[in-house]
Amino acid sequence: MLFGKTILVTGVASGIGARTAELAGQMGADVIGIDVREPARGQASFIKGDLSTAAGVVDIVAQLPKRIDALANVAGLSGNTGTVSTLSVNFYGLRALSEAVAPLIREGGAIVNVASIAGYGWRANLERAKALTGIEGFPDVASVVAEHGLKDEEGYPLSKELLLLWTMRAAHQPQFKDRGIRVNAVSPGPVETPILKQFRAVLGDARVDSDITRVGRAGTAADIAPAVLFLCSDGARWINGTNLPTDGGLEASINAEVLGF
Ligand SMILES: NC(=O)c1ccc[n+]([C@@H]2O[C@H](COP(=O)([O-])OP(=O)(O)OC[C@H]3O[C@@H](n4cnc5c(N)ncnc54)[C@H](O)[C@@H]3O)[C@@H](O)[C@H]2O)c1
């Protein structure tokens with residue numbers, strides 16, 4: 001389903017992005033990897049770029065080919081560097097890249113956002129998510145954080161709440177919708193990658209261990225990559241604006257607890 005397709009994968013130097021790029025290549029896609037760090041394993045096509053600033057996004061987009069089939073937004077920070085950098089990379093940079101890449105994506109192409117079970121609270125925090133996703137372009141994120149009094153420990157879950165809400169909004173945003181570009185999200189639970197140690201520090205061992213206990217094990221990058229690539233593929237052509245929990249049943253377990261069934 002990916003043979004001959006050109007797929008852009010961010011966060012390609014590590015974890016889920018690295019496995020997504022590897023699997024896409026094995027499935028016959030031409031992969032263009034993007035990361036702020038050089039991948040340890042050589043990428044046929046790699047752009048070193050920083051998604052945390054508007055200028056970094058512009059610089060990346062200037063190096064892209066004229067036609068792309070799909071964009072997998074995988075790069076992310078754990079929150080351990082503070083709310084400003086986390087919101088910048090995980091949401092505003094991701095969205096700026098997606099909007100700038102949209103004209104290069106062929107009609108009927110796809111964008112897949114790697115969100116997280118950590119964004120589960122978007123409904124409970126809907127007004128805040130509406131306000132923060134309603135800010136257009138790549139804002140001065142430090143001012144946004146100060147204006148809304150956002151605390152450092154909120155940065156990661158908030159970034160994923162915004163991403164989940166924006167995924168639904170983007171599916172109906174003219175620059176994507178008018179050209180049939182689908183926008184979906186994949187939400188992992190805990191996954192054994194270098195970032196997991198940072199999550200333990202940010203969210204606490206108890207939260208991470210409870211999530212792992214609910215489903216028997218942590219996920220692996222190899223568990224997540226196929227879901228991302230399915231949503232990139234034409235097999236998902238009628239799936240738009242949705243979130244695919246890819247977590248071994250974690251969200252189902254949390255729903256049961258929160259909703260009482
Ligand atoms: N591992 C987990 O437990 C888990 C769970 C849920 C969601 N996620 C999400 O999955 C995605 C991938 O995480 P991972 O587990 O592979 O982590 P990882 O740390 O292994 O990989 C993240 C990659 O993003 C890159 N990156 C960070 N800042 C960047 C920037 N400014 N510009 C460009 N690239 C940048 C890093 O260099 C790194 O290669 C993230 O969005 C994360 O929030 C991970």
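FYI, it's all coordinate maths here, none of it is from the lab. Given the structure is predicted, the values throughout are model-derived calculations rather than measurements. All Cβ positions, even for glycine, are placed from backbone atoms using ideal geometry, and neighbour counts span all protein chains on display.
This table checks each residue for (1) under 19 Å from Ile105 (Cβ atoms); (2) surrounded by fewer than 19 Cβ atoms within 10 Å (Cβ to Cβ).
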| site | (1), (2) |
| --- | --- |
| Gly11 | yes, no |
| Gly15 | no, no |
| Ala24 | yes, no |
| Met27 | yes, yes |
| Ile34 | yes, no |
| Gln43 | no, no |
| Ala54 | no, yes |
| Arg67 | yes, yes |
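In segment 159-206, of all residues being assigned to a loop (DSSP other than H, G, I, E, B) and of a type in the set (Val, Ile, Thr), the one that is farthest from the ligand (Cβ to nearest atom) corresponds to Ile181. Kindly establish whether Asp209 is in a helix (DSSP H, G or I), of a type outside the set (S, T, N, Q), within 13 Å of the ligand (Cβ to nearest atom) and surrounded by fewer than 16 Cβ atoms within 10 Å (Cβ to Cβ). The answer is yes for Asp209.
Assessment of segment 31-54 against the conditions (within 26 Å of Glu192 (Cα to Cα), in contact with a Gly (Cβ under 7 Å, 6 or more places away or on another chain), assigned to a helix (DSSP H, G or I) and of a type outside the set (S, T, N, Q)) yields no matching residue.
Pairs linking a residue in segment 176-193 that is over 20 Å from Ala252 (Cα atoms) to a residue that is within 9 Å of the ligand (Cβ to nearest atom) and part of a loop (DSSP other than H, G, I, E, B), with Cβ atoms under 8 Å and 6 or more positions apart or on different chains, are Glu192/Ala218; Thr193/Ser14. Only a single item in (1) of a type in the set (Lys, Arg); (2) more than 15 Å from the ligand (Cβ to nearest atom); (3) more than 18 Å from Ile105 (Cα to Cα) is not met by Lys48, and it is number (2). Answer yes if at least one residue in segment 15-23 is within 12 Å of the ligand (Cβ to nearest atom), in contact (Cβ under 8 Å) with a residue 24 or more places away in the chain, on the phi > 0 side of the Ramachandran plot and not in a loop (DSSP other than H, G, I, E, B), and no otherwise. Yes; the residues of segment 15-23 include at least one that is within 12 Å of the ligand (Cβ to nearest atom), in contact (Cβ under 8 Å) with a residue 24 or more places away in the chain, on the phi > 0 side of the Ramachandran plot and not in a loop (DSSP other than H, G, I, E, B). Within segment 213-243, restricting attention to residues that are buried (at least 18 other Cβ atoms within 10 Å of the Cβ), within 27 Å of Lys177 (Cβ to Cβ) and not small (Gly, Ala, Ser), the residue that is farthest from the ligand (Cβ to nearest atom) is Asn240. Using the structure shown, decide if Asp30 is among the charged types (D, E, K, R) and closer than 26 Å to Thr83 by Cβ. Criteria not met by Asp30.
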